[in-house]
Amino acid sequence: MANSKTTLPNASANLFLTDGGLETTLVFLEGYELPCFAAFDLLKDEKGYNAIRDYYRRYLNIAIDFKTGFILESPTWRANPDWIEKIGYPKSATLEINRKAVQLLVNLKEEFQDALPAIVISGCVGPRGDGYKPGNKMTVEEAQEYHSKQIEVFADTHVDMVSAITMNYVEEAIGIARAANAVNLPVVISFTVETNGKLPGGEGLKEAIEQVDESVNEPPIYFMINCAHPTHFIGVMQEGINEQWTKRIKGIRANASCKSHA
């Protein structure tokens with residue numbers, strides 16, 4: 001249930017930070033094993049829960065130091081039914097896993113709200129398949145039906161918005177946006193791109209953004225680019241600098257590596 005008292009990033013003049021890559025940090029810097037890159041699996045015990053909590057705390061303190069807002073992105077990028085089942089949970093665990101993940105963020109917001117009043121809780125939705133290879137593409141209708149299972153859980157929690165992260169083809173992004181529309185949650189769509197500035201599905205950023213905007217009743221509040229080095233997309237952004245579609249991009253979660261996903 002979106003909190004009407006929370007000012008979302010698109011309606012604020014302030015900068016907003018977010019975390020720098022939960023799964024990558026947990027695996028490569030802290031030595032955790034994440035099955036299928038699923039951070040939510042750590043929530044099953046106290047040690048893992050505390051590791052995720054402390055990870056967010058570090059970034060929240062950075063936001064305090066620099067007097068920015070902060071977007072708390074839930075550790076649920078893999079918490080959709082197919083991935084949950086692949087990891088060994090029943091699909092019915094979708095409800096409990098996503099609720100527990102959001103509650104962690106609610107607790108953090110309460111802990112930091114005096115020092116950092118502009119905190120937004122975002123329910124993170126990841127792709128049904130591989131984040132960098134479209135594989136078996138869904139239709140818009142299939143994507144809406146599939147992702148509704150997770151998004152409907154978010155609608156019954158204290159998330160302020162939904163963020164679809166690492167989207168690699170347009171139909172899935174549209175389906176997620178429509179699923180969020182159906183439960184009256186604001187939605188953000190974040191595309192990833194290859195070294196040529198195009199989505200792994202082959203669409204250009206301009207085409208993808210315009211197609212999503214034209215295909216939903218309530219367009220995303222903004223778009224983002226994630227898991228791509230700035231050199232991969234700076235060229236197409238410069239080409240479209242005076243066009244409306246570039247103004248729809250309000251956030252970047254960049255890769256440090258300039259290598260291809262291939």
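Values in this text are rule-based calculations from the coordinates and carry no lab data. All of these numbers come straight from a predicted model, not from anything done at the bench. In this analysis, Cβ positions are derived from the backbone assuming ideal geometry, glycine residues included, and neighbour counts consider all displayed protein chains.
Couple of notes before you dig in:
- Computed E for Asn196/Asp114 - FRET, C-beta separation, R0 41 angstrom, nearest 0.05: 0.35
- Exposure proxy order (Cβ contacts within 10 Å, fewest to most) of Ser190, Ser148: Ser148, Ser190
- Across the stretch 135-147, computed HN-Hα scalar couplings (Karplus, 6.51 cos²θ - 1.76 cosθ + 1.60, θ = phi - 60°) run x, 7, 6, 8, 6, 4, 5, 5, 5, 4, 4, 5, 6 Hz from first to last residue, x flagging Gly and Pro.
- In this rough spin-label picture, where each label sits 7 Å from Cα along the Cβ direction, the Lys47-Glu141 distance is 4.8 nm.
- Alpha-carbon centroid distance for the pair the stretch 83-116 / the stretch 56-75, whole angstrom: 17 Å
- Choice from Ser215, Ser122, Ser74 with maximal GNM fluctuation in the chain (Cα, 10 Å cutoff): Ser215
- Spin-label model, Ile252 to Glu239: label points 7 Å out along the Cα-to-beta-carbon direction sit 1.8 nm apart.
- The HN-Hα couplings worked out from phi for the stretch 223-231 by the Karplus form 6.51 cos²θ - 1.76 cosθ + 1.60 (θ = phi - 60°) are 10, 9, 10, 9, 6, 8, 6, x, 5 Hz, whole numbers, x standing for Gly and Pro.
- Around the amide H of Leu17, modelled in the peptide plane, lie the amide H atoms of Gly69, Phe70, Ile71, all under 5 Å away and 5 or more residues distant in sequence or on another chain.
- Partner lysines whose Cα lies under 23 Å from the Cα of Lys47, excluding those fewer than 8 positions away in the same chain, are identified as Lys86, Lys100, Lys109.
- Highest mobility in the GNM of the chain, judged by mean-square fluctuation with C-alpha springs under 10 Å and restricted to Asp130, Asp114, Asp19, is found for Asp114.
- Once backbone amide H atoms are built at 1.01 Å from N, Val125 has Ser163, Ala164, Ile165 as its partners under 5 Å, excluding neighbours fewer than 5 places away on the same chain.
- With R₀ set to 25 Å, the beta-carbon distance separating Asp65 from Lys5 gives a calculated FRET efficiency near 0.50.
- Taken one residue at a time, the phi angles of the stretch 91-102 give Karplus couplings (6.51, -1.76, 1.60, θ = phi - 60°) of 4, 5, 6, 3, 5, 5, 4, 5, 5, 5, 5, 5 Hz. Gly and Pro are set to x.
- Listed residue (Ala182, Ile241, Ala93) projecting farthest to the positive dipole end of the chain, Cβ model: Ile241
- Footprinting exposure proxy for Lys133, Lys109 (fewest neighbouring C-beta atoms within 10 Å first): Lys133, Lys109
- Spacing of the two label points (7 Å from each Cα toward its C-beta) at Val183 and Gln103, in nm: 1.7 nm
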